[in-house]
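K.L.:
Next up is a structure, given as structure tokens.
The values are calculated or read from the model by the stated rules, or taken from the named source; none is laboratory data. Worth saying up front: this structure is predicted, and the values here are computed from it rather than measured. As a convention, Cβ positions derive from the backbone with ideal geometry for all residues, glycine included, and neighbour counts pool all protein chains shown.
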Amino acid sequence: MRKISRLLLAALIAAAGMLVATAGPAHAALPGFVLSSTTASLPPELAALATGKRIQYVTTNIKGGLITATGLVLTPKAGKTNRVVAWGHGTTGIADTCAPSTNHAIFWPEARDAIKEMLLRGWSVAAPDYPGIGTPQEHPYLIGASAGRSLIDNVRAARLLDPALSTQYVVDGHSQGGQGALFASQLAPSYDGNLVLKGTAAIAPVSNTQEFINYIPGTAAQGYLVMALYGVSVVDPTFKWKDVLAAPAEEKLGVLQSGCLYDILDAYDEFTAEQLVEGGVVSDAVLAKMASYENPAQTAPSAPVLLVHGTADDAVPYFASEILAGQIAGYGVPVTFQTVENATHDGAVTQTAALVANWIATRFT
């Protein structure tokens, strides 16, 4: 991944005329530093409630190297409080064109519903695109520690733009973003500095992938698997992800950079399992490698957790969150598991927008 040199970052800080206060070396305070801020175009239902800034900010990769990311900071037009919530969006794709901060077409309706509810409560929202979506790096899709860092650093960036915002924050997310939110909770004690994480809401989060990946080949969801294999290769150059794919699947890889989620799903929709991966199944060694990067709850979350999952979810199986709830409880961390009967992967977000916001409100109080 491309890193920003310390000298370059120091020059950017000087050019912006900003003082970075820190007890240690100047570069130690840079995650969350805002490199640029422009007025954002928001979907109509959000534009009525908030002003938006599209930002480019500093975050880190999973090895701690400084990189850039983009995202949004949404500020309520009415009833603003000092509360801030980080929102992690569900899968949009891996190409630069798949950044919700610039592409309304993949600013999914369920994400709009969730954010709208937060804005109505007077909360500012920090919504990252995730590293590599809208920036030069490759996007480490489903590498939870990457999304988790960008969520925390988007909150830092929001507070740099609006110092009135509290150090207390909650992380909320759906699917890929729910997974990232849980990783943010694990990372927070050693990563978020003077911020104080009050809780994590995760709706249909990706977890326990080794339990269901081999149900994917031959189904309409197999584009997700191609992206997930790619994501591991971004952070682990020794991982030969194309060796896992069958030849017909390799021939379609151009869609990863030319399209977004539904283009990718459509490209692989009618493949058989054997056309997708060699032998029709993913090996145990590859499953273990993917799980090591993708599964939350490998360490304890640092704040109470709300898990929400629909029983009719055909993207991330409901049983994965049943297992996950037990894993979190095993650490002694308070966890609430909210089942949404007959709700789909996206429908669970819309149907529980108020419920999740109510839970977040209790965390702030």
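K.L.:
In segment 54-64, is there at least one residue being closer than 25 Å to S175 by Cα, assigned to a helix (DSSP H, G or I), at pLDDT 95 or above and hydrophobic (A, V, I, L, M, F, W, C)?
P.N.:
Pass one, segment 54-64, residues closer than 25 Å to S175 by Cα: 54-64.
Retained after the next criterion (residues that are assigned to a helix (DSSP H, G or I)): none.
Looking through segment 54-64, none of the residues is closer than 25 Å to S175 by Cα, assigned to a helix (DSSP H, G or I), at pLDDT 95 or above and hydrophobic (A, V, I, L, M, F, W, C).
K.L.:
Residues to consider are V226, V286, V282, V234; find the one that is touching an Asp or Glu at 6+ places or on another chain (Cβ under 7 Å) and crowded, with 16+ Cβ neighbours inside 10 Å. Walk me through how you get there before you give the answer.
P.N.:
Values: V226 fails: touching an Asp or Glu at 6+ places or on another chain (Cβ under 7 Å); V286 fails: touching an Asp or Glu at 6+ places or on another chain (Cβ under 7 Å); V282 fails: touching an Asp or Glu at 6+ places or on another chain (Cβ under 7 Å).
Exactly one residue qualifies, and that residue is V234.
K.L.:
In addition: Do we find that G79 is assigned to a loop (DSSP other than H, G, I, E, B) and not assigned by TED's automatic domain parsing to the domain that holds M227 in this structure? So that I can check it myself, show each step before the final result.
P.N.:
Values: assigned to a loop (DSSP other than H, G, I, E, B): yes; not assigned by TED's automatic domain parsing to the domain that holds M227: yes.
Against the criterion (assigned to a loop (DSSP other than H, G, I, E, B) and not assigned by TED's automatic domain parsing to the domain that holds M227), G79 qualifies.
K.L.:
T350 - would you say it is over 21 Å from T209 (Cβ atoms) and either β-branched (V, I, T) or surrounded by fewer than 14 Cβ atoms within 10 Å (Cβ to Cβ) (or both)?
P.N.:
Details: over 21 Å from T209 (Cβ atoms): yes; either β-branched (V, I, T) or surrounded by fewer than 14 Cβ atoms within 10 Å (Cβ to Cβ) (or both): yes.
So T350 passes the test.
K.L.:
Next question, about the same structure. So, V196, is that one at pLDDT 95 or above, closer than 23 Å to G347 by Cα, aliphatic (A, V, I, L, M) and in contact with a Phe, Trp or Tyr (Cβ under 9 Å, 6 or more places away or on another chain) or not? Give the steps one after another, and end with the answer.
P.N.:
Working: at pLDDT 95 or above: yes; closer than 23 Å to G347 by Cα: no; aliphatic (A, V, I, L, M): yes; in contact with a Phe, Trp or Tyr (Cβ under 9 Å, 6 or more places away or on another chain): yes.
Spelling it out, it is not the case that V196 is at pLDDT 95 or above, closer than 23 Å to G347 by Cα, aliphatic (A, V, I, L, M) and in contact with a Phe, Trp or Tyr (Cβ under 9 Å, 6 or more places away or on another chain).
K.L.:
From the set of residues in segment 51-91 that are surrounded by 24 or more Cβ atoms within 10 Å (Cβ to Cβ) and among the small types (G, A, S), which is nearest to I133 (Cα to Cα)?
P.N.:
Among them, the one singled out is A69.
K.L.:
Please specify each residue of segment 260-273 satisfying the condition of being exposed (fewer than 15 other Cβ atoms within 10 Å of the Cβ) and in a helix (DSSP H, G or I).
P.N.:
Applying the first criterion (exposed (fewer than 15 other Cβ atoms within 10 Å of the Cβ)) to segment 260-273 yields 262, 266, 269-270, 272.
Result: Y262, D266.
K.L.:
Keeping to segment 192-216, report how many residues are of a type in the set (G, A, S), over 24 Å from G65 (Cα atoms) and not in a strand (DSSP E or B).
P.N.:
From segment 192-216, those of a type in the set (G, A, S) are 193, 199, 201-202, 204, 207; that's our starting set.
In the following step, the residues that additionally are over 24 Å from G65 (Cα atoms) were identified as 199, 201-202, 204, 207.
Now drop any that are not not in a strand (DSSP E or B), which leaves 204, 207.
Total satisfying the criteria: 2.
K.L.:
Take the conditions among the aliphatic types (A, V, I, L, M) and free of Cβ contacts under 8 Å to residues at least 24 places away in the same chain and apply them to A220. Does it pass?
P.N.:
Working: among the aliphatic types (A, V, I, L, M): yes; free of Cβ contacts under 8 Å to residues at least 24 places away in the same chain: no.
Against the criterion (among the aliphatic types (A, V, I, L, M) and free of Cβ contacts under 8 Å to residues at least 24 places away in the same chain), A220 does not qualify.
K.L.:
What is the one condition in (1) buried (at least 24 other Cβ atoms within 10 Å of the Cβ); (2) in contact with a Ser or Thr (Cβ under 8 Å, 6 or more places away or on another chain); (3) not in a loop (DSSP other than H, G, I, E, B); (4) not small (G, A, S) that P189 does not satisfy?
P.N.:
Every listed condition holds for P189 apart from (1).
K.L.:
What number of residues within segment 107-119 are out of contact with any Leu (no Cβ under 7 Å at 6 or more places or on another chain) and part of a helix (DSSP H, G or I)?
P.N.:
Kept after step one, since they are out of contact with any Leu (no Cβ under 7 Å at 6 or more places or on another chain), are these residues of segment 107-119: 107-111, 113-114, 117-118.
Okay, now just the ones that are also part of a helix (DSSP H, G or I), so 109-111, 113-114, 117-118.
Matching residues across segment 107-119 total 7.
K.L.:
Hey, another quick one. Going by the structure shown, is T97 in the same structural domain as Y57 (by TED's automatic domain parsing), outside any helix (DSSP H, G or I) and farther than 27 Å from S166 by Cα?
P.N.:
Working: in the same structural domain as Y57 (by TED's automatic domain parsing): yes; outside any helix (DSSP H, G or I): no; farther than 27 Å from S166 by Cα: yes.
So T97 does not fit the description; no.
K.L.:
So which of T167, T219 ends up being among the polar types (S, T, N, Q) and out of contact with any Lys or Arg (no Cβ under 8 Å at 6 or more places or on another chain)?
P.N.:
T219
K.L.:
Only one of S124, S166 is modelled with pLDDT of 95 or more and surrounded by fewer than 20 Cβ atoms within 10 Å (Cβ to Cβ). Can you tell me which?
P.N.:
Values: S124 fails: surrounded by fewer than 20 Cβ atoms within 10 Å (Cβ to Cβ).
Unique residue meeting the criteria: S166.
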